[in-house]
Structures are given as C-alpha cells and as structure tokens.
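The values are calculated or read from the model by the stated rules, or taken from the named source; none is laboratory data. Fair warning: this is a prediction, and the values are worked out from it, not measured in the lab. All Cβ positions, glycine included, derive from the backbone under ideal geometry; neighbour counts span all protein chains shown.
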Amino acid sequence: MSENRILIVEDEEAIAKMISMNLKVANYKTEICYDGAEAAKALETDHAYDLALLDVMLPGMDGFELLEIVKGYGIPVIFLTAKDDIGSKIQGLKGGAEDYIVKPFDMLELLVRMEKVLERSDKLSRVVKVFDMEINFEEHTVRQNGEEVVLKPKEFELLAVLVKNKNMAISREKLLRMVWGMEYMGETRTVDVHIGQLRKKLGLSEHIKTISKVGYRLEE
C-alpha cells in the first residue's frame with residue numbers, strides 16, 4: 001500500500017528485525033541502524049525518510065541526541081524505548097518527538113500511531129490502489145475499474161483499516177475499537193456482518209480471510 005520509507009534505529013538486533021519484518025508486511029520500506037552515531041553519519045548522505053523510529057538507549061549516541069539531528073532533516077520521530085519513566089517521556093516529547101511508545105508494545109498499535117504521524121506530517125498517501133480497487137481516503141470513495149462502489153461509512157472505515165494493515169490478522173475486538181470506537185457497546189457480530197457486505201460489494205471473498213478464533217486478514 002505504502003511507499004513510505006522508515007528508519008529504524010535500535011541496538012537490539014532481534015527487536016529491530018522484528019519491527020522491520022512487520023513493517024515490510026504492511027508495505028513500508030525500512031532501513032536499520034544499530035548505533036546512534038552510525039545513524040547520524042548515514043543520514044548525512046541519505047535522509048530521504050518519512051519517519052524514524054528511535055530507541056533512547058543506543059551505543060555511540062543516545063536517542064535524545066540523535067533526535068536533534070533527525071529533526072534537522074525534517075523527519076518526524078517516534079521513540080520506541082524501554083525507558084518508561086516520566087522524565088524521559090517529557091524529554092522526548094518536549095524535544096520534538098511526535099510520539100513516545102514504551103516497550104513491549106503491540107505492533108498494530110505502532111502501525112496506527114505511525115499512520116497518525118504520517119498523516120500529520122502530510123506524508124501519507126491519500127489514494128491507494130490494491131487489487132482492482134482505487135481507494136481515496138480523503139474523499140472516502142472506492143472505485144473498481146473506474147466505477148464507484150457505494151459503501152456505507154462504517155463499511156468504508158472497516159475497509160480502510162484492513163487495507164492499511166494488509167496481511168496482518170486483526171481480532172474482531174480490535175476492529176470494533178478501531179472502527180466503532182472504544183465506547184461501542186455492540187457485539188462482534190457487527191464486524192462479521194460488515195465483513196460480509198465488503199466481500200459481497202467488492203468481490204473480496206478470496207482476499208478477506210477469516211482467521212479461526214481471531215478475526216480477519218486482508219491478503220494479497
């Protein structure tokens with residue numbers, strides 16, 4: 001879906017690769033640096049990034065120092081760190097980070113927060129093409145082969161969540177929260193009904209997969 005390029009600066013290799021793998025599944029392009037000073041040096045010659053995910057505790061140069069350099073290139077920053085004290089959080093946010101997420105974190109939550117930052121930074125694509133659909137998130141319209149398919153508001157929002165998190169399984173409960181809101185008191189059956197409508201209206205029966213005992217996943 002996305003051509004957004006993400007810089008990951010994280011000294012724990014397993015965590016960095018896990019983040020990168022999940023972002024690639026969601027169709028982001030990623031680069032990894034394991035050292036703060038090395039990241040700063042690499043940015044001198046290549047700073048075409050839409051977003052940076054920084055750890056705070058890094059060898060070479062810590063995340064707070066690196067933040068100043070990254071900001072200088074106009075790259076928005078989200079901190080991903082084990083430092084959960086309020087002082088570090090205030091320092092990061094006052095220093096100019098867009099968000100501060102404490103490890104361990106939910107990957108879906110990270111994707112949602114990244115999307116919000118990219119939207120605020122005007123770096124998120126407004127129109128996405130997937131399968132035979134052209135989805136305009138600004139106009140809330142869907143076209144198939146040039147013809148508009150009319151969706152109800154919640155059907156469109158549900159489709160948007162599935163497309164933006166393509167190839168990731170999302171539980172019915174999370175879909176309820178993301179589409180209908182945290183205070184929605186309805187049953188998960190509501191999700192099933194709307195999934196059925198999307199499959200029917202857009203011919204997505206082969207692509208919206210039911211994940212047993214979990215929820216749904218949009219697959220290519």
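When every residue of the stretch 53-65 is checked against the conditions, at least one turns out to be modelled with pLDDT of 95 or more and out of contact with any Gly (no Cβ under 9 Å at 6 or more places or on another chain). Scanning the stretch 6-22 for residues that are in contact with a Lys or Arg (Cβ under 8 Å, 6 or more places away or on another chain) and buried (at least 20 other Cβ atoms within 10 Å of the Cβ) yields one hit, Ile6.
Taking every residue in the stretch 127-142 that is closer than 17 Å to Ile208 by Cα and in a loop (DSSP other than H, G, I, E, B) and pairing it with any residue that is at pLDDT below 90 and not hydrophobic (A, V, I, L, M, F, W, C), at least 6 positions away or on another chain, the pairs with Cβ-Cβ distances below 9 Å are Phe131/Glu220; Asp132/Asn145. Would you call Val179 closer than 23 Å to Lys29 by Cβ and either under 17 Å from the mean Cα position of the chain (by Cα) or assigned by TED's automatic domain parsing to the domain that holds Pro76 (or both)? No: the conditions fail for Val179. Taking (1) of a type outside the set (Phe, Trp, Tyr); (2) in a helix (DSSP H, G or I); (3) out of contact with any Gly (no Cβ under 7 Å at 6 or more places or on another chain); (4) at pLDDT 90 or above in turn, Glu173 satisfies each apart from (4).
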